[in-house]
Structure formats: structure tokens, C-alpha cells
């Protein structure tokens with residue numbers, strides 16, 4: 001595979017669509033991103049694992065959630081603010097953790113974090129970020145640090161200390177990646193990181209397996225398998241809880257039994273997620289498990305939804321089912337690729353506009369009232 005070269009965002013299409021038009025929804029950024037990204041990078045960002053059945057199921061399941069609106073409520077212009085991880089946010093939304101953001105734009109994590117700061121929403125910085133956590137936190141965003149469990153526990157301790165010293169306000173541990181899912185697009189592309197994109201938070205990030213191209217092999221998967229611990233247990237999560245005073249969110253929960261266990265060992269929140277359809281192919285759509293997870297948590301912590309969220313209507317759907325908020329992933333990478341920081345700012349502005357309209361039409365004065373709505377998960381009658 002030829003080494004990927006990232007096209008400077010905005011060189012041909014800017015933060016609009018492939019025809020230069022201004023985007024009017026988050027989906028519009030996808031075509032613009034595809035137009036400027038190398039094909040293998042597009043596949044890495046947009047693809048799922050296996051036959052991509054879970055990837056497709058996330059969207060299909062969200063589309064089947066119908067929200068029953070209320071009328072004559074005198075709601076007027078709604079408030080959009082919420083509380084996430086115990087802290088105020090301008091929207092019930094956080095930017096999901098996503099690795100190697102310099103793959104899609106030279107400014108990478110710094111641009112997306114700055115956009116999140118401007119929008120007043122949390123930005124979740126990945127262990128596998130291509131900018132160091134200290135630089136991401138220096139943008140002034142409300143930064144949560146996402147932890148992948150590494151084979152070297154000393155390195156885990158070091159990452160925790162760095163995150164806390166940098167001023168991160170929450171810790172999100174991802175628990176659904178004992179190994180990387182088998183992502184066929186990456187195998188076919190023999191995907192590897194270009195030289196200028198590194199795992200900036202890890203030692204040796206510039207000269208590791210992620211940069212070594214081999215036919216039929218994903219170099220990113222090979223690197224992950226070498227550095228991630230494949231046998232994380234609940235006792236490890238208990239240990240992690242004892243090592244930090246930051247709010248602890250556990251991401252990658254689908255089974256309600258695991259949600260109950262997470263809160264029992266001290267998690268402050270769980271994130272219902274199938275990793276955007278990138279891990280176990282054949283796992284259920286995340287939103288289908290949200291009601292059962294909420295019942296299992298039973299008010300002992302926040303519950304957020306990840307995987308498949310594409311706009312303000314999806315945020316309303318999650319709220320109506322009882323979630324505290326959502327994580328938004330791929331659309332933010334598309335916007336970053338298409339227009340850098342300004343593209344990401346536009347995407348978050350659109351998301352706020354869409355949520356505002358959805359709340360008005362549903363008869364809600366704020367996200368808290370949206371959690372009192374009825375949602376029909378079996379589709380539109």
C-alpha cells in the first residue's frame with residue numbers, strides 16, 4: 001500500500017459539501033470528507049468489523065425509535081444545557097474518543113478540541129491520540145481522558161497521572177477492545193499509519209508496528225494487539241477506581257448485567273456502545289440495549305449512548321429513552337476532514353440547531369423534559 005498522504009482540509013471543498021455548498025446537516029460532511037481523504041483513510045474512519053452488520057444496525061435501530069411529542073406546553077425557546085459526568089455542558093453531547101485524528105486533518109485533535117471548547121461540550125481525548133494529552137488539554141476544552149488498558153500497568157499509571165496533571169475532568173475507560181475487531185477494509189488495504197501520524201501518548205509511537213505495512217494485515221490492529229491487555233477484569237476496574245478521584249465512565253457496555261457490575265465497583269457513568277460497529281460484528285445496536293441498561297443502573301449513575309448518533313433527532317431519541325446524553329463520533333471526524341476547526345465548529349452548531357428544533361417540536365423546554373417523553377422502539381406506527 002502506498003503511504004497515505006492527507007490532503008489539506010479545505011483545499012478543494014472547504015467545510016461544505018463536494019459541490020462547495022454549505023452543509024445543512026451532519027451527514028453532508030461525509031461526502032465532503034470522502035472527497036479529500038485517501039481511500040484507505042476513509043475506509044479506516046468509516047468502516048466497521050466483519051460484514052459490518054452491527055455498523056448498519058446502529059443506524060437502522062435509531063431510525064426505528066419514534067418519539068411521542070407533547071403539545072400545548074408553552075415551551076418556547078428551549079434550553080439546551082445538561083449535566084455530563086457531573087459537570088455542566090452546553091449540550092447533552094460529548095465528542096467521542098477517536099484515535100489518530102491527524103489522519104484526517106493536519107491539526108488533528110487540537111482543532112476538534114478547540115471546536116468542542118467553543119461549543120461548550122466535553123471533548124474525549126483518546127489514549128491513541130496523535131497529539132499529546134497535554135497539548136489537547138491546553139486548548140482550554142473540557143477534556144475527558146479515554147483510557148485503553150495497556151499490558152504495561154506502569155504505563156497506565158503514568159497516563160492517569162498525566163491526564164490528571166493536564167487538568168482532565170473525567171476518565172473514560174474503554175472495555176470492549178481486548179483485541180481490535182477484524183476490520184476487513186483495513187485488511188484489504190493493508191492499512192498502516194503514515195509516518196507523520198503517531199500514537200503521541202505512548203513511548204515509541206513513531207517507530208512501532210502501526211507504521212509497518214504487510215499485505216493482508218492491518219498494521220493498526222497489529223500494534224493494538226501488541227500493546228493492549230487482552231484480559232481486563234472487574235478487579236482491574238476496581239483498582240482503577242481506587243487510583244483516581246476523577247469521575248469514572250465505563251464505555252463499551254451492552255449487557256445490563258455488566259452495567260450493574262460497573263456501578264457496583266464505583267463507576268459514575270456507563271456508556272452504552274458497540275464501538276460504532278467496529279468490534280464484535282453481530283452485537284446488537286447500542287440503542288436497543290439502552291432501556292435495559294438504564295433499568296440495571298437504576299439511577300446509580302449517568303447512562304450515555306454512543307454508536308450511530310448522526311444528529312439532533314438522535315440526541316432527542318436517546319434522551320426520550322432515558323439517557324443523560326450522547327457521544328458523537330464519525331460525523332465530527334468527517335467535519336474535521338472537510339473543514340478543519342471551522343468544519344467541526346459548523347457541525348457542532350448544526351447539532352445544536354437540530355436539537356433545539358427537535359425539543360421545540362417535541363414540546364420540551366430542556367433536555368430534562370425530553371427524558372420524560374415516551375419513545376416507541378418498535379418503529380413508527
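Shown here: region 68-107, whose C-alpha atoms stretch 48, 23, 19 Å along the first, second and third principal axes, sorted largest to smallest.
Based on the alpha-carbon set only, what is the convex hull volume of region 234-316 divided per residue, in Å³?
Taking only Cα atoms, region 234-316 has a hull volume of 104 Å³ per residue.
Exposure proxy ranking for 44, 29, 228, based on other Cβ atoms within 10 angstrom of each Cβ and starting from the fewest, stands as 228, 44, 29. Per residue, the convex hull around the alpha carbon atoms of region 190-260 comes to 140 Å³. With only Cα atoms counted, the chain has Rg and Dmax values of 19.5, 62 Å.
From the Kirkwood radius over Cα pairs of region 18-87, Stokes-Einstein at 20 °C and 1.002 mPa s returns a whole-number translational diffusion coefficient of 130 µm²/s. Along its principal axes, region 46-148 has C-alpha extents of 50, 39, 24 angstrom, given from the largest down.
Can you give the Rg to Rh ratio of region 193-234, both from alpha-carbon atoms, with Rh computed by the Kirkwood formula? Could the numbers behind the result be given before it?
Values: Rg = 11.5 Å, Rh = 11.1 Å.
Rg/Rh: 1.03.
Sticking with the crude label model, points 7 Å out along Cα→Cβ, report the distance from residue 152 to residue 366 in nm, one decimal please. Placing both labels 7 Å beyond Cα along the Cβ direction yields 4.6 nm. Given a Förster radius of 25 Å and the C-beta distance between residue 195 and residue 231 as r, what FRET efficiency does 1/(1 + (r/R0)^6) yield to the nearest 0.05? With a Förster radius of 25 Å, E is 0.20. Across 65, 143, 326, mean-square fluctuation computed from a Gaussian network of the chain (C-alpha pairs under 10 Å connected) peaks at 65.
For region 300-346, the orientation-averaged shadow of the C-alpha convex hull comes to 3.6 nm² (one quarter of the hull surface). The equivalent ellipsoid that matches the C-alpha gyration tensor of region 234-273 spans semi-axes of 17, 11, 7 angstrom, in descending order.
Need one number: convex hull volume per residue for region 108-229, Cα atoms only, in Å³. Provide the component values of the computation, followed by the final result.
Numbers: hull volume 12.8 nm³, N = 122.
So the per-residue hull volume is 105 Å³.
GNM remark for the chain: springs join alpha carbons under 10 Å apart, and the peak mean-square fluctuation among 332, 172, 289 falls on 289. Overall shape of region 282-366 was characterised from the C-alpha gyration tensor. The equivalent ellipsoid obtained from it has semi-axes of 25, 17, 10 Å, in decreasing order.
Using Cβ counts within 10 Å as a stand-in for footprinting exposure, how do 223, 105 rank, fewest first? Don't skip to the end; give the middle numbers.
Numbers: 223 22, 105 29.
Ordered from fewest to most neighbouring Cβ atoms within 10 Å, 223, 105 come out as 223, 105.
With distances taken between every two different alpha-carbon atoms, region 158-304 has a Kirkwood hydrodynamic radius of 16.9 Å. Neighbour counts of other Cβ atoms within 10 Å put 345, 21 in the fewest-to-most order 21, 345. For the chain, the relative contact order is 27 percent, taking Cα pairs closer than 8 Å that sit 6 or more residues apart in sequence and dividing their mean separation by the residue count.
With the crude spin-label approximation of a point 7 Å out along Cα→Cβ, what separation in nm comes out for residue 25 versus residue 245? Calculated label separation equals 4.6 nm. Per the Kirkwood formula applied to alpha carbons, region 225-381 shows a radius of gyration over Rh ratio, Rg over Rh, of 1.00.
Each reported figure results from applying straightforward, stated rules to the coordinates on display, with no laboratory input. Just so it is clear, the structure is predicted and the values come from calculations on it, not from any experiment. Positions of Cβ are backbone-derived with ideal geometry, glycine not excepted, and every protein chain shown enters the neighbour counts.
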